[in-house]
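Remarks on the structure that follows.
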Amino acid sequence: MTDHREPLPSVLETIGETPLVRVHDSPDAAPVYAKLESFNPGASIKDRIGKYMLERMLEEGTIDPGGTVIEPTAGNTGIGIAVAAGQLDLNAVFVVPERFSVEKQQLMRALGADVINTPSEDGMGFAIERAHQLAEELENAVVPQQFSNPLNAEAHYATTAPEVDEALDGEVGAVVAGCGTGGTLMGMAEYFLERDPDTHVAAVEPAGSAYREFFGEDVDHEEYKTEGIGTHDIETNELFDPDLVDEIHAIPDRDTHEEMARLARDEGQLVASSAAANAVAAKRVARDIAEGTIDAPSDTVVTVFADSSERYLSKGVYRSFEEWEG
Ligand code: PMP
């Protein structure tokens, strides 16, 4: 385990070992704890997969030093990959649908990466196609492809989950996490289900997103403002395994917006919308454990706060619900 108080050789060693903090507004009988992932150097949970995927791909010879990593990404993964690429002698190129936060795109460029924008209306599927086309045109180039790369979930199995486990002395009854790629939830679920097959696993998505289709439900797709979680197209996702998941919570943007403001005001937590959606869902799971409607091996509920609200201030996250732009 890296001791962050010791002198460290590079910023890569500051990734992970993030604080785990109690969400006050959760029952004493079933406390919720959140992993504060904005403490990573690129300020999000995706630094973990940037470092993990690139180090593994270099070890396995999937890419050689001097090569180019091309990823279709909404932003945080790009920042995570850019942080790692810069320190591992790799170039980084990102294909980003233009509706995503401009702050994130500026940070990717500042870290030395190239950003290519695709039209928002063409969606993530088109960005993925473009990334693969580019990789074919270049020598020594790979698309890590976080939506299908098992190393994504493995990063959380190898780092996020054991850190939580150690901090709570193994007292983990439920894991709750919003799904973009589903890597965070899958990696943590695999780890804790191996420890205890009765661990409760809850997925989170914004209302209007299509993750529920994995469970055979029909969904009226609707736009949502919550960023970083949810999907309109489950076909592009090869990581999410519904068999590991007990339930899925679809959180309306309005509830997420209210919780984002509450977390800042009452708990000093400047966290973004996906974190707030996770908090809403994790508190529901905690209430169900406290009331005995969910039977979990321990009363403690764990979730992640993936990034900070500062990254979305230009979108008006702390203005009125109507003024918030997704
Ligand atoms: N929150 C934010 C802000 C994110 O950027 C992401 C990744 N898209 C997630 C949550 C979801 O993480 P995962 O891809 O591991 O499901």
(request) Looking only at segment 53-89, count how many residues are among the hydroxyl-bearing types (Ser, Thr, Tyr) and within 12 Å of the ligand (Cβ to nearest atom). (result) 2
(request) Could you please find all residues in segment 223-254 being of a type in the set (Asp, Glu) and surrounded by fewer than 18 Cβ atoms within 10 Å (Cβ to Cβ)? (result) Glu223, Asp233, Glu235, Glu238, Asp241, Asp243, Asp246, Glu247
(request) Answer yes or no: is there a residue in segment 217-228 that is touching a helix residue (DSSP H, G or I) at 6+ places or on another chain (Cβ under 8 Å), more than 22 Å from Leu168 (Cβ to Cβ) and either free of Cβ contacts under 8 Å to residues at least 24 places away in the same chain or more than 16 Å from the ligand (Cβ to nearest atom) (or both). (result) yes
(message) Show the residue pairs meeting these rules: Cβ distance below 8 Å; 6+ apart or different chains; first residue within segment 170-185 and touching a residue at least 40 places away in the same chain (Cβ under 8 Å) and near the ligand (Cβ under 6 Å from one of its atoms); second residue part of a loop (DSSP other than H, G, I, E, B) and among the small types (Gly, Ala, Ser).
(response) Gly178/Gly228; Gly178/Gly230; Gly178/Ala306; Cys179/Gly230; Gly180/Ala74; Gly180/Gly228; Gly180/Gly230; Thr184/Ala306
(request) Could you run through segment 191-208 and say how many residues are more than 25 Å from Ser273 (Cα to Cα) and in contact (Cβ under 8 Å) with a residue 24 or more places away in the chain? (result) 7
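Surrounded by fewer than 23 Cβ atoms within 10 Å (Cβ to Cβ) and either touching an Asp or Glu at 6+ places or on another chain (Cβ under 9 Å) or free of Cβ contacts under 8 Å to residues at least 12 places away in the same chain (or both): does that describe Pro19?
Numbers: surrounded by fewer than 23 Cβ atoms within 10 Å (Cβ to Cβ): yes; either touching an Asp or Glu at 6+ places or on another chain (Cβ under 9 Å) or free of Cβ contacts under 8 Å to residues at least 12 places away in the same chain (or both): no.
Judged against the criteria, Pro19 is not a match.
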(request) Answer yes or no as to whether Ile63 is more than 30 Å from Ala286 (Cβ to Cβ), surrounded by fewer than 24 Cβ atoms within 10 Å (Cβ to Cβ) and among the aliphatic types (A, V, I, L, M). (result) yes
(message) Of everything in segment 289-326, what is touching a residue at least 12 places away in the same chain (Cβ under 8 Å) and of a type in the set (Asp, Glu)? Give them in sequence order.
(response) Asp295, Asp299, Asp307, Glu310, Glu325
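Bear in mind that the values in this text are calculations on the coordinates, not laboratory data. This is a predicted model, so every value here is computed, not measured. Please note: Cβ atoms are built from the backbone with ideal geometry, for glycine as well, and neighbour counts cover all protein chains shown.
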